[in-house]
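Worksheet for the structure shown next.
The values are calculated or read from the model by the stated rules, or taken from the named source; none is laboratory data. Owing to the predicted nature of the structure, the values given are computational and were not obtained by experimental measurement. Using ideal geometry, Cβ is built from the backbone for each residue, glycine included, and neighbour counts are taken over all protein chains shown.
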Amino acid sequence: MNNVKSIHDLGQSIWLDFFDRELMDSGKLQQLIDEDGLTGITSNPSIFEKAVDSSSDYDEDIRTLASEGKNNEEIFFGFAVNDIQRAADILKPVYDKAKGTDGFVSLEVSPHLANDSEGTINQARQLWKSVDRNNVMIKIPGTKEGLVAIKQCIKEGININVTLLFGLPRYREVTEAYISGLEERVKNNKPIDHIASVASFFLSRIDVMLDPVLKEKKLDNLVGEIAIDSAKEAYQIFKEVFFGDRFRNLEKQGAKKQKVLWASTSTKDPSFSDVKYVEALIGPDTIDTLPLETIEAFRDHGKATDHLENNLLQAKQELNQLKENGINIDDITQKLEEEGVQKFNKAYDSLLKAIDSKKKKQMA
């Protein structure tokens, strides 16, 4: 049995955290679906930036869209929408088989809108309309302003992938935005059975930021553990919210649970196992989005076992240990959110710069 496919049997979906045109042209995407049981794709600005910069796959699109007078951002969304539509069509049989609970491709709003609720809502509407596929999710960062946009978009029937989540208090607010959006839709006598959403936690970055502090404070037992502990706590919040009475009332009308998605689960510290985060966080009603090299590593030597609810008491105690040692995890996750937005902005600007550079070469 394929090790990656075995994860699916434990109730977790594996999505690919990588996307380019070559993936579809070469048949690699279909192969990952057939052989590894891949059921979704996430894209982001840095993924597209690499694809534009390192290949000529998008040159023709850039030339055509530029000749129509489109600006760099319009050029990006022009070719991105086409690619996302194509990937969504390849994943449509997965979506149909899962009855609308899996088989999604995600496309992100401009990260420059992270602190602009109205701008995010407008661009999400526009992208949703342009892509015109039921199995697409629009990615919106889980910032304070993003919460307003998430609720409004759910109310309007747009599938949302809430991205850049780090902290547990913010995660609770995200579940509230999703459920309130559904409730408002019900009040307006609109169907909710086709709406899907995921809440994406970025994990390894928590350890990257915290581990040097823990080593300094001689808290070596916590090194490399806090991201996993946080994820375990998040999963308990997920169960409390989505198996509670309030959501059950919506479920009777066809509402789908907002699954938790583990992102940034490739190992950054070479002293850790390259499948550390993947193995630790397998459990039902979850998704893990992995780059190709982590999928290959897990296929080679990963062990698929449901570990997500193991050692819950220990996870709580370890998070308490932070507090006892003067480390405020909420301050750290807030800082990570702000840094995450900046990193995505930088990648987005590099993407637009790469498009601009190709455009100028072709028009010279």
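Check whether at least one residue in the stretch 208-216 is closer than 21 Å to LYS259 by Cα, at pLDDT 95 or above and surrounded by fewer than 22 Cβ atoms within 10 Å (Cβ to Cβ), and report yes or no. No, the stretch 208-216 contains no residue that is closer than 21 Å to LYS259 by Cα, at pLDDT 95 or above and surrounded by fewer than 22 Cβ atoms within 10 Å (Cβ to Cβ). Scanning the stretch 282-329 for residues that are on the phi < 0 side of the Ramachandran plot and polar (S, T, N, Q) yields THR286, THR289, THR294, THR305, ASN310, GLN314, GLN317, ASN320, GLN321, ASN325, ASN328.
If you go through the stretch 257-277 and pick out every residue that is charged (D, E, K, R) and either buried (at least 22 other Cβ atoms within 10 Å of the Cβ) or without any contact (Cβ under 8 Å) to a residue 60 or more places away in the chain (or both), you end up with 3. Kindly check whether there is at least one residue in the stretch 327-341 that is farther than 26 Å from SER200 by Cβ and modelled with pLDDT of 95 or more. Looking through the stretch 327-341, none of the residues is farther than 26 Å from SER200 by Cβ and modelled with pLDDT of 95 or more.
Looking at LEU352, LEU308, LEU290, LEU336, can you tell me which residue is surrounded by 17 or more Cβ atoms within 10 Å (Cβ to Cβ) and within 15 Å of VAL4 (Cβ to Cβ)?
Working: LEU352 fails: within 15 Å of VAL4 (Cβ to Cβ); LEU308 fails: within 15 Å of VAL4 (Cβ to Cβ); LEU336 fails: within 15 Å of VAL4 (Cβ to Cβ).
Just one listed residue meets the conditions, LEU290.
Only one of these conditions is not met by GLY224: (1) part of a loop (DSSP other than H, G, I, E, B); (2) more than 30 Å from GLU324 (Cβ to Cβ). Which number is it? Failed condition: (2).
Return the total of residues in the stretch 298-336 being part of a helix (DSSP H, G or I), among the aliphatic types (A, V, I, L, M) and out of contact with any Gly (no Cβ under 9 Å at 6 or more places or on another chain). Step through it out loud before you land on a result.
In the first step, residues of the stretch 298-336 are kept if they are part of a helix (DSSP H, G or I); the result is 298-301, 312-324, 329-336.
Right, trim to among the aliphatic types (A, V, I, L, M) and you get 312-313, 315, 319, 322, 329, 332, 336.
With the extra rule that they be out of contact with any Gly (no Cβ under 9 Å at 6 or more places or on another chain), the set shrinks to 312-313, 315, 319, 322.
Selection size over the stretch 298-336: 5.
Return the residues of the stretch 3-34 that are over 23 Å from GLY283 (Cβ atoms) and either charged (D, E, K, R) or not in a loop (DSSP other than H, G, I, E, B) (or both); say none if nothing qualifies. The answer is ASP20, ARG21, GLU22, LEU23, MET24, ASP25, LYS28, LEU29, GLN30, GLN31, ASP34. Does any residue of the stretch 181-191 turn out to be under 26 Å from ILE41 (Cβ atoms) and within 19 Å of the chain's Cα centre (by Cα)? Checked against the condition, which is being under 26 Å from ILE41 (Cβ atoms) and within 19 Å of the chain's Cα centre (by Cα), the stretch 181-191 yields no hits at all.
Going by the conditions given, is ASP193 under 30 Å from LEU107 (Cα atoms), modelled with pLDDT of 95 or more and among the charged types (D, E, K, R)? Let's see the steps before the verdict.
Working: under 30 Å from LEU107 (Cα atoms): yes; modelled with pLDDT of 95 or more: yes; among the charged types (D, E, K, R): yes.
Yes.
Just one residue in the set PRO169, PRO111, PRO141 is surrounded by fewer than 20 Cβ atoms within 10 Å (Cβ to Cβ) and either within 22 Å of LYS259 (Cβ to Cβ) or touching a strand residue (DSSP E or B) at 6+ places or on another chain (Cβ under 9 Å) (or both); that residue is PRO169.
Within the set LYS218, LYS187, LYS155, the sole residue that is free of Cβ contacts under 8 Å to residues at least 24 places away in the same chain and more than 30 Å from ASN325 (Cα to Cα) turns out to be LYS187. So which residues in the stretch 5-46 are more than 17 Å from SER264 (Cα to Cα), touching a Gly at 6+ places or on another chain (Cβ under 8 Å) and surrounded by 15 or more Cβ atoms within 10 Å (Cβ to Cβ)? Matches in the stretch 5-46: LYS5, ILE7, HIS8, LEU10, THR39. Counting the residues of the stretch 295-336 that are touching a Leu at 6+ places or on another chain (Cβ under 9 Å), within 19 Å of GLY224 (Cα to Cα) and of a type in the set (D, E, K, R) gives 2.
One residue stands out in the stretch 227-261 among those that are outside any helix (DSSP H, G or I) and in contact with a Phe, Trp or Tyr (Cβ under 6 Å, 6 or more places away or on another chain): the one that is nearest to ASN325 (Cα to Cα), namely VAL260. Since ALA88 meets every condition but one in (1) buried (at least 21 other Cβ atoms within 10 Å of the Cβ); (2) at pLDDT below 95; (3) not acidic (Asp, Glu), which condition does it not meet? Single failed check for ALA88: (2). Remark: VAL148 matches the filter, which requires a residue to be surrounded by fewer than 24 Cβ atoms within 10 Å (Cβ to Cβ) and within 19 Å of TYR171 (Cα to Cα).
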